[in-house]
Amino acid sequence: MTLAAHGRVIGLDISGMFGSGMRGALIDSTASLIARKEAFTPRTSADELISSLVAMASRLADQGEREGAPASAVGVAVPGLIDESSGVVHRVPNLPLQEVRLGQILQDRLRMPVFLTHDASAGALAEYTVGAGRRVSDMMMVVIGGGIGSAVISNGRVLRGAHGAAGEIGHIVIDPAGIVCGCGGRGCVETFASETSIARRYTMLAKEAILAEEVLVKAAAGNPAATRVWNDALGALATVIATAVALIDCELVVVSGTMKISSEAMTPLGTLLARRINLVQLPRVEMGALGDTAGVLGAAAVAFERAGMGDAAQAWRQSGPVPVGQSTSSRA
Ligand SMILES: [Zn+2]
């Protein structure tokens, strides 16, 4: 199916994954972001969070109407456990969304079709389509944020699995006797390599409370405690990524994050992977190219496809990289 040439959709990203707040964009069939909004994510109640999402989407929809090219559907990137087919959000860590029929509620209030997708899948789809992965067919994306998000593109398609959770490496256990994780387990990779864990581990070692981003700066300057914490994070990531590579045989690992991570800071990951991957081909490691627009772009691609407007992901891949920087951004 070819992509509807004049179609527009709205992409929303609730996440804390690609930034500290929620993001939204009005996106056309060439993957251009016609307008962008961002706002802090309300964490007190589901009603407040949903109202904020509706307000953001409504402003973007109004702009489409004014320009004579209205949006026809909405894609929403949601962190946590969701059912994409029913639009139900089961649970989102750190957000007041539990067993909420988010898809239906948004659809009723916005009066257009709404499709939910997992935020790491959305990010991976966007990087695969117009970002760092646009020349490969098999890749995985790892997002270092408040948690560790990840998703797999296999032979050009997001790998979903029986319950939509395929490719999630964040809660693979590295140390069964380790620190308690938000999932209830112990010693998951997330307890080593998420932003929260990096900051917490540094504080435990150095008795100084700083942000994860500052730990990386200190590690780059040779601070022993920061170096140890970052090396432990990279080691844990390398162990689970190597396991994933053995299962999926991807040619590229795209790393992205909410905090600023230099490509120099990620360089050791390639060496650590080489020590752990022997029989299968070693994948390249690259930083994500789309930053915090990955979530809204991926959500938009899902909306185009599920609303029957065409396979945006394949169409965008064929037309080349997106002029992401050309759009305007404003706080909602
Ligand atoms: Zn866990």
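The values are calculated or read from the model by the stated rules, or taken from the named source; none is laboratory data. None of the values given here were measured: they were computed from a predicted structure. Every residue, glycine among them, receives a Cβ derived from its backbone with ideal geometry; neighbour counts consider all protein chains shown. Note: areas computed on protein heavy atoms with side chains; ligands, DNA, RNA excluded. Shrake-Rupley method; radii C 1.70, N 1.55, O 1.52, S 1.80 Å.
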Scanning for something among the aliphatic types (A, V, I, L, M), in contact with a Phe, Trp or Tyr (Cβ under 8 Å, 6 or more places away or on another chain), at pLDDT below 95 and open to solvent by less than 10 Å² (accessible area, probe 1.4 Å), does segment 236-256 turn up at least one residue? no
Taking segment 111-131 as the region of interest, how many residues are farther than 30 Å from CYS181 by Cα, assigned by TED's automatic domain parsing to the domain that holds VAL74 and crowded, with 24+ Cβ neighbours inside 10 Å? 1
Filter result (without any contact (Cβ under 8 Å) to a residue 12 or more places away in the chain and aliphatic (A, V, I, L, M)) within segment 198-225: MET204, ALA209, ILE210, VAL217, ALA221
Give the number of residues within segment 144-192 that are under 22 Å from ALA132 (Cα atoms) and either near the ligand (Cβ under 8 Å from one of its atoms) or open to solvent by less than 50 Å² (accessible area, probe 1.4 Å) (or both). 16
Counting only residues that are farther than 16 Å from VAL76 by Cα and of a type in the set (Val, Ile, Thr), which one in segment 29-62 is surrounded by the most Cβ atoms within 10 Å (Cβ to Cβ)? ILE34
Given (1) in a helix (DSSP H, G or I); (2) touching a strand residue (DSSP E or B) at 6+ places or on another chain (Cβ under 7 Å); (3) not assigned by TED's automatic domain parsing to the domain that holds ALA313, index of the condition MET140 fails: (1)
